[in-house]
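Values quoted throughout were computed directly from the atomic coordinates according to the rules given, and no laboratory measurement underlies them. Owing to the predicted nature of the structure, the values given are computational and were not obtained by experimental measurement. In this analysis, Cβ positions are derived from the backbone assuming ideal geometry, glycine residues included, and neighbour counts consider all displayed protein chains.
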Amino acid sequence: MVRLVIIGCGRIAQNHIAAAKQLSDVKIVGLFDHNGEKAAALAETLGCKGYGDMEELLNEQKPDAAVICVPTFAHEEYVKICASHHVAVLCEKPLERTTGACERLLSAVKEADIIFMTAQVVRFWPGYVEIKEMVDRGELGDIYMIRCRRVTSRDDAVAKWLNMPKLGGGAIHDMLVHDVDFLRYLCGPFKTGFANATKDETGCYNNVMANILCKNGVHAMAEASFTMQTGYPFSFSISLIGSKATLEYNYHAGIRIADTDEQESSFRIWREGTGLEELSFAEEDAFKRQLGYFVECVKKNEKPTLITPEQTYEVIKMIDALHESAHSGQNIELDTYQPFDFKKK
Ligand SMILES: NC(=O)c1ccc[n+]([C@@H]2O[C@H](COP(=O)([O-])OP(=O)(O)OC[C@H]3O[C@@H](n4cnc5c(N)ncnc54)[C@H](O)[C@@H]3O)[C@@H](O)[C@H]2O)c1
């Protein structure tokens, strides 16, 4: 049995708690929030103890693993505390707000030699898993072009920190990261990044169109927005044009991504010579798959290979580069780019 603690008791913590409940080899033994009362109230519903003090939680519960669900700008602080107690970490995306903070976080992870994984849940999402397998099997042939889209309404992106430029950074950091990460998974290292983006009244780039060139020659476009009008469902899509087939996957949830009862999806592939084929598969809980994979790694004491720290670092550097590109209008070469770290003290 893996003894798990949840750090941060807001919205995404609910998905990880629901995932843990579905796994027979995981037990949530404690919760932390800087608002200790919030942690205590949620812990009561789970039959464990809530804490407002991290050291107390880690010393009393001696967990095997932690899921970091605090806001993005606080990931570095809490991952470092877990590393200092030699606790394995599954950390929510984006790994941190700046590339520099990621560097510090990952060097603490390396020094403590703990099991660590960034929670890039799209890599576990059934439709995306199918796409990765098809591409790896060569079913699409050579990929010419990929287009990704991920948008949601103002009613969904409600947390205050999320829409503050230095804390959450808005859609360019919080939403785009899912697709940039999936592109890294699918195509390998990045070469250049360029973004057209507009800021809204929050000061964040909340409408962004990014162009990414991967070192394997694939061109990709990724679009993200936090500013759709009231009622617009949380939506994502991806299309791939290859020498042997064209594929389109479209998904709409309810107003929020968690409103899966209202989900609609389609997965279509046009193969050379045979035409349209519609595939269907169960939209199984990707958070359960993700936690299940991480817990297996903890049980076997093996470092995760499905998502590595090096890949996550490159993804955050690309997001920083796209932010810089939106500001400067330059196409940025990732290898030589040196991001500015406003978090460095
Ligand atoms: N995988 C996904 O699809 C997905 C979806 C939503 C959020 N997220 C990520 O999860 C993280 C949390 O997002 P959320 O939507 O749950 O946020 P939230 O604001 O709903 O919850 C954050 C929780 O952390 C607590 N908190 C705030 N500041 C803190 C601090 N400095 N120290 C300790 N606790 C603090 C708050 O009291 C709150 O309970 C973010 O990194 C976000 O990007 C991922």
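Taking the chain, the Cys residues with no second Cys beta-carbon under 4.7 angstrom are C9, C48, C69, C82, C91, C102, C148, C204, C297. Where both bridge residues fall in the chain, DSSP classifies roughly 60% of the beta bridges as antiparallel. Taking only the C-alpha atoms of the chain, Rg followed by Dmax gives 19.7, 64 Å. Put simply, the C-alpha atoms of segment 1-67 give a gyration tensor, and the ellipsoid matching it has half-axes of 17, 14, 9 Å, longest first. Compute the acute angle (0 to 90°) between the alpha-carbon long axis of helix 176-187 and the principal axis of greatest extent of the alpha-carbon atoms of the chain; round to the nearest 10°. With both axes taken from Cα atoms, the answer is about 70 degrees.
Explain nothing, just the number: dipole magnitude of the chain about its Cα centre with +1 on each Lys and Arg Cβ and -1 on each Asp and Glu Cβ, in debye rounded to the nearest 20.
Numbers: 38 positive and 49 negative charges, 91 e Å.
In total the dipole reaches around 440 debye.
Taking a 27 Å limit on the Cα-Cα distance, which of the listed pairs K132/K300; K132/K215; K38/K344 fall beyond it? Distance filter (> 27 Å) returns K38/K344.
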